[in-house]
Structure formats: C-alpha cells, structure tokens
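Peer 1: Just passing along the structure, written as structure tokens.
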Amino acid sequence: MEDFVNGLNSILWSTPVIYICLAVGLLFSILTRFLQVRHIKDMFKLMFKGKSSEAGVSSFQALSISLSGRVGTGNIAGTATAIAMGGPGAVFWMWAIAFIGAGTSFVESTLAQIYKVKKEGIYRGGPAFYIEKGIGIKWFAILFAISALLAMALLMPGIQSNSIALAMDNAFGIDTRITGFVVIFLLALIIFGGVKRIATVAQYAVPFMAVGYMLVALIIIGFNIAELPSVIGLIVSSAFGADAAFGGIIGSAIAWGVKRGIYSNEAGQGTGPHAAAAAEVSHPAKQGLVQAAAVYIDTLLVCSATAFMILFTGMFNTVGADGKTMIKEGLPGVEAGPGFTQAAVETVLPGFGAGFVAISLFFFAFTTIMAYYYMAETNVAYLFKNAKWPTFILKFVLLGSTFYGAVKTATLAWALGDVGLGLMVWLNIIAILILAKPALIALKDYEAQKKQGLDPVFNSTKLGIKNADYWADGYQEEKEKVS
C-alpha cells in the first residue's frame, strides 16, 4: 500500500507538475496584463472595504480564512528546507513564484465568486461548484470534491496537529496527549459555531500571528542590520548562479524555490477559492484581487520573515547538488526545518527560540486545521443536498484525525495527504485553464466601470456568462441585509 501511494505521489508531485503550475501562473499574468502590478493598490484597499451579511462574510474575513490555510508550518519548515536544498537563491525564486502566482489566485478566486451559490442561507463555492456550473461535467466536480474532502478532513489535519504536539513537547515538555486534547477542544468550540465563528476567529488570529512573527523577525534583522546589503546580494547572486559558493546549485535553487513557493502560497491548488466564494462583494473581481494579495502576504511577508531571520544570522546548512556534500554548515547536525529559525532567534534572544517557534507553530498550524474544516464543509455542502447530518459527522471525523495526528506520527498519512492535495492541484489547474474566460471578462468589466468612476457591480446576464445564477439579474445590495 505504502509503495503504491508513494509511487502515485511521485507522479502527482513530479518536477514537471511544479513547472506546469509556474507556466499557468505566467500565462494568467500575461492574459490579465500583470494585474498584480497594475491593481496592487486595489488589492490591498479592497480587503478592508466589504461588509459581512446574513449569507456571507466580509472581504477581510474571507481573506483571513484563506490565509489561515496558506500560512502554516510550511512558512517555517518549508522556507528553511528551500534554503537547505537550494541555497539562499531559493528565496528569490519563492518571491518570483509568488508574483506570478498572484495571477492564478485572481483567476480561481474570481471564478469561485462568479459561480457561487446560496445553500441553506450561506454562500458556497469553490472548484467543485465552478467545474460543474462552468464546464458542465458533474463527475469531474465530484472527483474534486471527494479529493478535497479526503485531504482536508481525514489526512491533512493530523499532520498539522503533529507539528503542534511535537513543538510543545520539545519546548515545554507538554505530553502530546494533553496538547491533542487542548487542540481539539479549542477547535470544537470554533467549528461547531459555523462559518461565521470561523471567519471571526480567523480575522483576529491571522493578523495577530502574522504581525507577531514578523515583529520578531524585524528584531533579528535590526540586531544584524549591517548584514542587509550582503544578504540581499547573496540572495540575488545565488539565484542566478553568480555566487562562488552556491553557483553550482542554481538548478536546485530554482526547483526548490518554485516548489516550496507553490506549496506555501497555494496559488492554483484550489484551496483559496473556497473562502473567496464566501465574501459579500458587488463584483467577483473585487474578491479576486483581494485573494491575489493573499499570495503576497503569505510569501513576500511571512516566508520572507523566516528567510531573513535564518540568512541574517547565518543559522543554516546547505547541501550540494548531490544531496550530501555540505556547501554551508552554520548549524552542524541540525536538520532543515524549525531548528533553523529556532537557532536564529536564539542568537539575539537566548532562551526564547524554542518557545517562540513552538507558539508560532501552534498558531500557524491550528488556523490551518480551522481552514481545512471550512474547505471540507464546503465540499460536503456540494456533495449532499441536505448537508446537516454529513456536516455533523464531518466535525467528529476531523476532530478525530486531528487528535490521532497529535499523539501518533503516521508516515502513510503524510503520503496519502499529498495524494489528495495532488489530485486537487491537477483537477483545479485543468479546470481554471478551461474556465479562464469568465474571469478575464469579469476583470475587463471591473476595469471599464472603474474607468467611468463607478463602484463596479456585476451582471452575468449582461456579460453573457451562463449558469452564474446568483449574478443573473445583477448584484443588488438589498439581496442580503448587510450587517
């Protein structure tokens, strides 16, 4: 079984797949005329504009739910691994893929808004919905929903809770079972409160954890500010093979930077659109732009905070192209991962590193599990006409898998989780390539109305977009009582 799963993973997450994601991002960036540059002001301005309603959440709440899923253990461990395997130049390529991935994020999130539905009084949407309504292939949509449900409810939560439990045990000596109970107790309080409570917790927890993490990074950078020119120069020179020490691994720098960047910012994976569809906005492109900003926040801010802490202090190891020869050994015997960040913090704040990384991992991983639940619930809502009992069962399945992961490491679970996520990526990339036109039409319509000095309002009938039922008669604010 394990050999079969690993073999499937090697196909789903092979190097060509990573570069397909890169190519798709570049294609969408060109088709949208690099909206991530042209509309950067709107990307950040719009996230604070919308208000929640009886059926939907605000733009900022939707962004926060999305960031809950994006900002996870990968921002600490993933960034460290990229530096260990690709050198400092990998950071540049993580930045590059974030810039390009913003185009992909806009397309998939705008599609989620265009084809969203109101089910049991709540906005629902995401790849399963836009695959069925936009492409018209039911089995394709069901396959995505099942893959998402398998990954988000059963397999991935335990991986995150395991990171929390191990970090708490290493830093504070807390038994993993106690950590597991605490995590599922807090999680139950949130998920049994429904989408609104998830959105409320996310809008406070995500900014808190991100700002707190970046403040510590700024302290580390401040104490090593003299290294700024050399660190920036090292990142850029290593990215293009110009640095003497790291020049021989330029291929690894690109491969690991792109791979870890995609894993972290999730552009094209089909995860972000679930939250994007829940937003109460007058035009789909508005939330598409907000979700494009999420990619920047995840990689250019949070991942960069990890990278700078590690590089400014020199607390990292990098291996050569053969995977054995050590090019840089700043931390003898320490494996790539949270240990790099811990050591970096210790150089400036002795005795603080282990606790800081443990608490950071708790917030990063806990909010990720919370986002997993929301995505799983959305796909349950798609699969069942009456989702009341399936949703109730889902809650206990997710709590069970979360606790199991906290107390017992399962190598097979990691592999199975990657299979579920890999299937999501494949299916979603195919879908958004087929369905890109409505998103591009929405962008053009948004820009035309902005040029006229209007607050853009969407009308799918007028634009000739079929099966976008919610928008068929145009957006009317009185459709929902805005709170």
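The values are calculated or read from the model by the stated rules, or taken from the named source; none is laboratory data. Predicted, not measured: the structure shown is a model, and the values here were computed from it. Keep in mind that these areas ignore ligands, DNA and RNA; they rest on the heavy atoms of the full protein, side chains included. Shrake-Rupley method; radii C 1.70, N 1.55, O 1.52, S 1.80 Å.
Peer 1: Counting only protein heavy atoms and a 1.4 Å probe, tell me what percentage of segment 1-119's accessible area is made up of carbon and sulfur.
Peer 2: 70
Peer 1: Continuing with the same structure: Below 8 Å between Cα atoms, with a sequence gap of 6+, how large is the relative contact order for segment 1-123 in percent?
Peer 2: In percent, rounded to a whole number, it is 36.
Peer 1: Send over a whole-number figure in Å² for the accessible area per residue of the chain, probe 1.4 Å.
Peer 2: 39
Peer 1: List, largest first, the extents of the alpha carbons of segment 126-207 along their principal axes, each in whole Å.
Peer 2: Principal-axis extents of the Cα atoms in segment 126-207, largest first: 53, 25, 22 Å.
Peer 1: In segment 279-320, what is the volume of the convex hull around the alpha carbon atoms, normalised per residue and reported in Å³?
Peer 2: For segment 279-320, the hull spanned by Cα atoms encloses 85 Å³ per residue.
Peer 1: Also, I was wondering about something else. Going by the alpha-carbon gyration tensor, a ≥ b ≥ c the square roots of its eigenvalues, is segment 7-75 rounded (a/c under 1.5) or, if a/c is not under 1.5, prolate (a/b greater than b/c) versus oblate?
Peer 2: It is oblate, given that a/c is not under 1.5 and a/b is not larger than b/c.
Peer 1: Check ILE327: other-chain or 5+ apart residues with amide H under 5 Å from its amide H, H built from backbone geometry?
Peer 2: Amide H to amide H, under 5 Å and 5 or more residues apart or across chains, ILE327 pairs with THR318, VAL319, GLY320.
Peer 1: Enumerate the calculated ³J(HN,Hα) couplings along segment 384-390 in order (Karplus 6.51 cos²θ - 1.76 cosθ + 1.60, θ = phi - 60°), each rounded to whole Hz, writing x wherever the residue is Gly or Pro.
Peer 2: So the Karplus estimates, Gly and Pro as x, are 10, 5, 10, 9, 4, 6, x Hz.
Peer 1: Also: Report ILE191's accessible area, 1.4 Å probe, all protein chains in place, as a number in Å² to the nearest 10.
Peer 2: Number for this one is 0 Å².
Peer 1: Rounded to the nearest Å, what's the spacing between the alpha carbon centres of segment 164-237 and segment 432-474? Just the number, please.
Peer 2: After rounding, the separation between the Cα centres reads 37 Å.
Peer 1: Same structure, new question: Could you put MET214, MET370 in order of accessible surface area, largest first, with the 1.4 Å probe and the full protein assembly present?
Peer 2: Working: MET214 45, MET370 0 Å².
Largest accessible area first, the residues go MET214, MET370.
Peer 1: Give the long-range amide H neighbours of ILE122: residues separated by 5 or more places, or on another chain, with amide H under 5 Å away, using H modelled in the peptide plane at 1.01 Å from N.
Peer 2: none
Peer 1: Protein chains only, probe 1.4 Å: how do ARG260, ARG177, ARG197 rank by accessible area, largest first?
Peer 2: Numbers: ARG260 55, ARG177 140, ARG197 110 Å².
Result, largest first: ARG177, ARG197, ARG260.
Peer 1: So, one more: Report, in degrees rounded to the nearest 10, the 0 to 90 angle that the Cα long axis of helix 250-265 makes with the longest principal axis of the chain.
Peer 2: 50
Peer 1: Using the Karplus curve 6.51 cos²θ - 1.76 cosθ + 1.60 with θ = phi - 60°, what ³J(HN,Hα) values do you get for each residue of segment 103-115, in whole Hz, with x for Gly and Pro?
Peer 2: In residue order, the calculated couplings are x, 5, 4, 4, 4, 5, 6, 5, 4, 4, 6, 4, 9 Hz.
Peer 1: Relative contact order, percent, of the chain when contacts are C-alpha pairs under 8 Å separated by at least 6 residues?
Peer 2: The normalised contact order for the chain reaches 34 percent.
Peer 1: Here's a follow-up. Please work out how much accessible surface ILE310 shows to a 1.4 Å probe, ignoring ligands, DNA and RNA, in Å² rounded to 10.
Peer 2: Roll a 1.4 Å probe over it and ILE310 shows about 0 Å².
Peer 1: Tell me, what % of the accessible area of segment 253-330 is carbon and sulfur with a 1.4 angstrom probe?
Peer 2: For segment 253-330, the apolar C and S fraction of the accessible surface comes to 56 percent.
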